[in-house]
Every structure is written in C-alpha cells, then in structure tokens.
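Visitor: Input: one structure, supplied below.
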Amino acid sequence: MLGVIGGTGLNQVEGVEIIETRSLSTPWGQPSAPALRLRWAQGECWFLPRHGEGHTLAPHRINYRANIHALRLLGVRRVLAVAAVGGIASSPVPGDLALVEDLIDYTWGRAHSFADGLAGPLQHIEFAPPFDPAWRAQVADCATRCGVPLVTDAVLGVTQGPRLETAAEIRRLAKDGCTLVGMTTMPEAALAKEAGLSYATLAVVVNPAAGTTDGSIHAAIEASLGAGMAQVHRVLEALVGATDQA
C-alpha cells in the first residue's frame, strides 16, 4: 500500500472517495491526524496530513515518529512525501516539481531516531542516499507518463522553521550546495529509512528563497501553490494506480 504524507498545500485531497478513517496510537504518541484510506484512480492509498487537521502543527512540533510508525502499522511500505519548498538556485523555479535527490539537515531538537533507549536496538542506518533510488525511479516514470516534468537533481536544505530564512542564511545554504529549502523532510526521511520504508520527497517549488529576488515571498507562494499542487495531483493519480497494480 502507498502512503502519501501531505504538507503545505496538500492538507486534504479533493475529488477522491474516503473509504476508511483510522485513528492510531503509537509508542511515540499520536500521529498528526487520523489516516485516511482513499480510493483514487485505479487504486487506493493511505493519506496523512503532516501538519494536522486544519494545518495547525508547526514543522518542529510534528510528531514524525508517530506518523511514520502509524503508516507502517497500516501496511504502508512506500511513502511519497509532498512538501512545499523555496527555490534557491535559478532552477527549479516557482511552479516546478522536484523529486529531491539529496538533502542537508539544519534542524535541531527534533526526535531524529526511533532508537531512544526504550524500544529496539540502536541502528546506525546508511543514509546515502536518503531517498530510495528504485522508488524515486518509479515516481519519475509515473510523472513522465502523465506529462508532468520533474527536476531530479535537487538538493534540499531542511531548516528549523516555522519562520522563513534570512537572506544570509539562504546564501549559506547556496554555498553548501542546496538548491531548495524546506522545513519538514527531516527527520521524516531518516525515520522512514529506520522503519524499512521506501521514501521519496516530491517538492513543489512555491517561492524564490529570501534574498534571491525582489517582492513578497508570501505573494509568490499564493501565486504558484495552486498550480504546483494541480501537477502533484496528476502525479499522485498516476502513481496510486501504478502502485496498486504493482
């Protein structure tokens, strides 16, 4: 079963049938929201809004461990995480989709592992690459078949949030090699790896990062979020059908 984690702009999925709602408890507390089992296109998937119902949870307050554990309990083995991000480099630009290839983690104070001394043995997971190559290839193939172009060589800098970054911070991220900036892929990706789940991040570029252009960042987000999420819906529809038949 495919699990979809929705971020900003994808807090709910419209135009699909909800066939089950599951509220789960985990050893790490409650997930962000009840998981929804959706019938979509030719298949089904589980959907979990990362920021909770009504988009209320800040990135550093999300219970990432509970979310990943809950998806695993539901039988999910492949996860597509959707995230709204800012563009640092000249490409990709707002409105583009990126299947993130690598990341740099700048977050702090988040629970980054299931190995907390209370449950299970300590794991030193391999995290290069952080995203499952075979799963990324399947996502990219579905995007190609439904005519949605993807940037596939993006490097995502994951910052603490919830505030946006300063221009100086963006210059630092650019020097480090980041082409995108977001707030939620870590520790989500690492926890998925620990849990044995195939994980990929489909990023929607919704604004130029601070200091890279003139104008209001929030205005840029409003202008490009809807169009970008429409492209995400096309990819998800193709992916759900393909995954259900796999």
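Visitor: Using a Debye calculation, one point per C-alpha and no hydration shell, please list log10 I(q)/I(0) for the chain at q = 0.08, 0.11, 0.13, 0.15 Å⁻¹ in order.
Guide: -0.27, -0.53, -0.75, -1.02
Visitor: Once ligands and nucleic acids are excluded and a 1.4 Å probe is used, how much of residue 125 is accessible, expressed in Å² to the nearest 10?
Guide: About 50 Å², ignoring ligands and nucleic acids.
Visitor: Accessible area of residue 145, 1.4 Å probe, to the nearest 10 Å²?
Guide: 150
Visitor: Continuing with the same structure: Show that you can apply the helix-only estimate: for the chain, add -39,500 (n - 2.57) for every DSSP H stretch of four or more residues, divide by all residues, and state [θ] at 222 nm to the nearest 500.
Guide: Rounded to the nearest 500, the figure is -9500 deg cm²/dmol.
Visitor: Label-point separation (nm) for residue 42 and residue 73, each offset 7 Å from Cα along Cα-to-Cβ?
Guide: Roughly 3.3 nm, to one decimal.
Visitor: Please report, in debye to the nearest 20, how large the charge dipole of the chain is about its Cα centre when each Lys and Arg carries +1 at its beta carbon and each Asp and Glu carries -1 there.
Guide: Result for the chain is approximately 360 debye, rounded to the nearest 20.
Visitor: How about the stretch 54-90: which trypsin sites (Lys or Arg not before Pro) there are in a DSSP loop, with at most 16 other Cβ atoms within 10 Å of their Cβ?
Guide: 77
Visitor: Is the stretch 9-99 rounded, prolate or oblate when judged by the Cα gyration tensor, a ≥ b ≥ c being the square roots of its eigenvalues, rounded requiring a/c under 1.5 and prolate requiring a/b larger than b/c?
Guide: Taking the square roots of the gyration eigenvalues as a ≥ b ≥ c, the stretch 9-99 is oblate.
Visitor: Continuing with the same structure: Run the accessible area of the chain with a 1.4 Å probe and give the carbon-and-sulfur part as a rounded percent.
Guide: 50
Visitor: Still on this structure, I have one more. What accessible area per residue comes out for the chain, rounded to a whole number of Å², with a 1.4 Å probe?
Guide: Numbers: 10880 Å² over 246 residues.
Dividing the accessible area of the chain by its residue count gives 44 Å².
Visitor: Can you tell me the relative contact order of the chain? Whole percent, Cα pairs under 8 Å, sequence separation 6 or more.
Guide: Details: 543 pairs, mean separation 68.3, N = 246.
Relative contact order comes out at 28 percent.
Visitor: In addition: Between exposed GluC sites (Glu not before Pro) in the chain, where DSSP calls loop and at most 10 other Cβ atoms lie within 10 Å, what's the longest gap? Don't skip to the answer; put the middle values down first.
Guide: Details: sites that count: 14, 126.
After excluding every exposed loop site, the longest remaining stretch is 127-246.
Visitor: Applying the Karplus parametrisation 6.51 cos²θ - 1.76 cosθ + 1.60 with θ = phi - 60° to the phi angles of the stretch 79-89, what ³J(HN,Hα) value in whole Hz is obtained for each residue in order, glycine and proline being reported as x?
Guide: Karplus values, whole Hz, x for Gly and Pro: 10, 10, 9, 9, 9, 8, 9, x, x, 9, 7.
Visitor: Just check the stretch 133-190 against the gyration tensor rule for me: Cα atoms, a ≥ b ≥ c as the square roots of the eigenvalues, rounded for a/c under 1.5, and otherwise prolate or oblate depending on whether a/b exceeds b/c.
Guide: Working: a/c = 2.56, a/b = 2.00, b/c = 1.28.
The shape class here is prolate.
The values are calculated or read from the model by the stated rules, or taken from the named source; none is laboratory data. Predicted model only: the values in this text are computed from it and were never measured. Because the Cβ atoms are built from the backbone with ideal geometry, glycine has one as well, and the counts that use them run over all protein chains shown. Remember, those area values only see protein heavy atoms, side chains included, never the ligands or the DNA or RNA. Shrake-Rupley method; radii C 1.70, N 1.55, O 1.52, S 1.80 Å.
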